[in-house]
1. Work from the charge dipole of region 11-138 (Cβ charges, +1 for Lys and Arg, -1 for Asp and Glu, about the Cα centre) and give the residue of Phe46, Ser99, Ile65 farthest towards its positive end.
2. Based solely on its DSSP helices, what 222 nm [θ] is calculated for the chain when runs of n ≥ 4 H residues each add -39,500 (n - 2.57) and the sum is averaged over all residues, nearest 500 deg cm²/dmol?
3. Using the Cα centre as the reference, give the magnitude of the dipole from point charges on the C-beta atoms of region 11-138 (Lys, Arg: +1; Asp, Glu: -1; all else neutral), rounded to the nearest 20 debye.
4. Compute the helix-to-body angle for 14-33: its Cα long axis versus the longest principal axis of the chain, expressed 0 to 90° and rounded to tens.
5. Mind checking the full-extension length gain between Phe104 and Tyr37? Use 0.36 nm per residue of separation minus the Cα-Cα distance, one decimal, nm.
6. Among 29-39, 100-110, 80-90, how do they line up from the highest to the lowest mean number of other beta-carbon atoms within 10 Å?
7. Based on alpha-carbon centroids, what's the gap between region 111-128 and region 54-107 in Å, whole number please?
8. Just the number, please: Stokes-Einstein D of the chain in µm²/s, Kirkwood Rh from C-alpha pairs, 37 °C, 0.692 mPa s.
Amino acid sequence: MKTVCPLSKKTIDEHASQLVGIFVLILLALSYFVTNYILWFLLLDFLARSVNARYSILARLSRKILDLLNIKPKPIGAAPKRFAARMGLLFVIILLSLSSIDCFIGYQITFILFSVAVSLEAFFKFCIGCKIYTLLSYLKLV
């Protein structure tokens, strides 16, 4: 199923999206092994990306790195990626909530699911949130 956006013609750079995924994975690992406070940064960054990627520190950093490496943008639909960012925001909120109530098993399960989803995007260009968005759009739920 091709990722579509029947609602908008806006695009973002797929390469930048993948690089953001790599940064998110690194920050998730650091949040797990070093300090949970990194999740607060991810919360703000996912919030920014769920509104508009230009407000995201990770998206801006990714674009700068790709520009320095002379990697040309590869446009893809922005709406599915924004939906995926909102799913990422939800995952971070769940992680912060589970951490605050010391629900370690729930935290680990959520952390693993989130890490797998981000890894699929970062390394295989497979965006689970985008696929869900596409399915919901076919069902006329978004």
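Quick note: the coordinates plus some simple rules give every number you see, no bench work behind them. Everything quoted here is computed from the prediction, not taken from an experiment. Neighbour counts run over all protein chains shown; Cβ positions are idealised from the backbone, glycine included.
1. Toward the positive end, the furthest listed residue is Ile65.
2. Numbers: 6 runs with 101 residues, N = 142.
That calculation yields -24000 deg cm²/dmol at 222 nm.
3. Details: 12 positive and 6 negative charges, 95 e Å.
Magnitude of the dipole: close to 460 debye.
4. Result, in degrees: 0.
5. Values: separation 67, 0.36 × 67 = 24.12 nm, distance 1.59 nm.
Length gained, Phe104 through Tyr37: 22.5 nm.
6. Values: 29-39: 14.1, 100-110: 12.4, 80-90: 22.0.
Per-residue mean Cβ counts within 10 Å order the peptides as 80-90, 29-39, 100-110.
7. A separation of 11 Å, based on Cα centres.
8. Values: Rh = 15.4 Å.
Translational diffusion coefficient: 213 µm²/s.
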